[in-house]
Amino acid sequence: SRKDQEQYWYRSDMPYHFVPVKQFADSFHSFHMGQFVHNELLEPFDRTKSHPAALATSKFGVSRIELLKATMDREFLLMKRNSFYFICKAAQLCLMAFLAMSTFFRTNMHRDPTYGTIYMGALYFAIDAIMFNGFSELGMTATKLPVFFKQRDLLFFPAWAYTIPAWILQIPITFFEVGVYVFTTYYVIGFDPSISR
C-alpha cells in the first residue's frame with residue numbers, strides 16, 4: 001500500500017518515491033524470469049507426466065471410515081487423558097445415590113397410593129441426578145470448540161466425524177453410570193420389594 005511501501009525502500013542512494021502496482025508488474029514481465037514464467041504457463045499441463053496420487057480427488061483426502069476411525073481414536077485418547085474427570089463424575093453419582101437411598105429409605109415408605117408422590121419424587125431425583133451429571137462436560141466441550149472450528153475450516157474432517165465418535169463413546173459410560181445408580185438405589189428405595197428382581 002501507499003503507506004507501507006516506504007519502509008521496504010532498498011535504494012538508500014535514491015530518494016523514495018511511490019511505485020504503483022502496474023509498474024511492478026510491467027517490470028517483472030520485462031525481466032527474464034517473468035518471461036520464463038509466462039512462456040512456461042503458456043504450455044498446457046501434460047497429465048500423463050503426473051502421478052495419479054499427486055492430487056487429491058476427494059474433499060478430505062481419506063475415506064469416511066478412516067475419518068471416523070481417526071476421530072474415534074482421538075476422542076478415546078482424550079477420554080483416557082480426562083479419566084480423572086470421569087472417575088470423579090462416577091463418584092459424585094454414587095454419592096447422589098447414597099443421598100437418595102438415605103432420603104427415600106424403603107422401611108419408611110409404604111406401598112399405597114398416598115406414598116406415590118414420594119416414589120415419583122425419588123424417580124424425579126434419579127432422572128435429575130443422572131441428567132445433570134453430564135452437564136459438567138459442557139465446559140470441556142466448549143474448550144474443544146476452537147480446535148474443532150479450525151480443523152473443520154481447514155478441511156481436516158467434516159463436523160459429523162467430530163460429533164459421532166464423542167456420542168458413541170459416551171454411550172457405555174452413560175449405561176455404566178445409570179446401572180450403578182439403579183443397582184444401588186432400586187431395592188433400597190423400595191421400587192421393588194424383592195432384591196432378586
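For the stretch 146-158, the Karplus equation 6.51 cos²θ - 1.76 cosθ + 1.60, evaluated at θ = phi - 60°, returns couplings of x, 5, 4, 5, 5, 5, 5, 5, 8, 6, 5, 6, x Hz by residue, with Gly and Pro reported as x.
In terms of its C-alpha gyration tensor, the stretch 93-136 comes out oblate, because a/c is 1.5 or above while a/b does not outweigh b/c. Each residue of the stretch 68-77 is assigned a 3J(HN,Hα), and the resulting list reads 5, 5, 5, 6, 5, 4, 5, 5, 5, 5 Hz, derived from the Karplus form 6.51 cos²θ - 1.76 cosθ + 1.60 (θ = phi - 60°), x at Gly and Pro.
Each residue of the stretch 170-175 was assigned a 3J(HN,Hα) from its phi angle through the Karplus curve 6.51 cos²θ - 1.76 cosθ + 1.60 (θ = phi - 60°); the sequence is 7, 4, x, 5, 5, 4 Hz, with glycine and proline shown as x. Loop-located trypsin sites (Lys or Arg not before Pro) in the stretch 109-176 (DSSP state other than H, G, I, E, B) with a sparse environment of at most 15 neighbouring Cβ atoms within 10 Å: Arg111.
Straight-line cross-link partners of Lys80 among the aspartates and glutamates, defined as a Cα under 20 Å from its Cα and at least 8 positions apart when in the same chain: Glu137, Glu177. In the stretch 80-197, the ratio of gyration radius to Kirkwood radius, Rg to Rh, stands at 1.14 when only Cα atoms are counted. Could you work out the longest stretch of the chain that avoids the chymotrypsin sites (Phe, Trp or Tyr not before Pro) located in DSSP loops with at most 15 other Cβ atoms within 10 Å? Between the exposed loop sites, the longest stretch runs 106-197.
Taking the longest Cα principal axis of the chain as reference, the axis of helix 32-42 is set at about 60 degrees. Taking the longest Cα principal axis of the chain as reference, the axis of helix 83-103 is set at about 30 degrees. Kirkwood hydrodynamic radius for the chain: how many Å is it when counted over pairs of different Cα atoms? Result for the chain stands at 24.0 Å.
Only the coordinates and a few stated rules stand behind these numbers; no lab work does. It should be emphasised that the depicted structure is a prediction, and the values quoted were computed from it without experimental measurement. Heads up, the Cβs are rebuilt from the backbone with ideal geometry, glycines too, and the neighbour counts pull from every protein chain shown.
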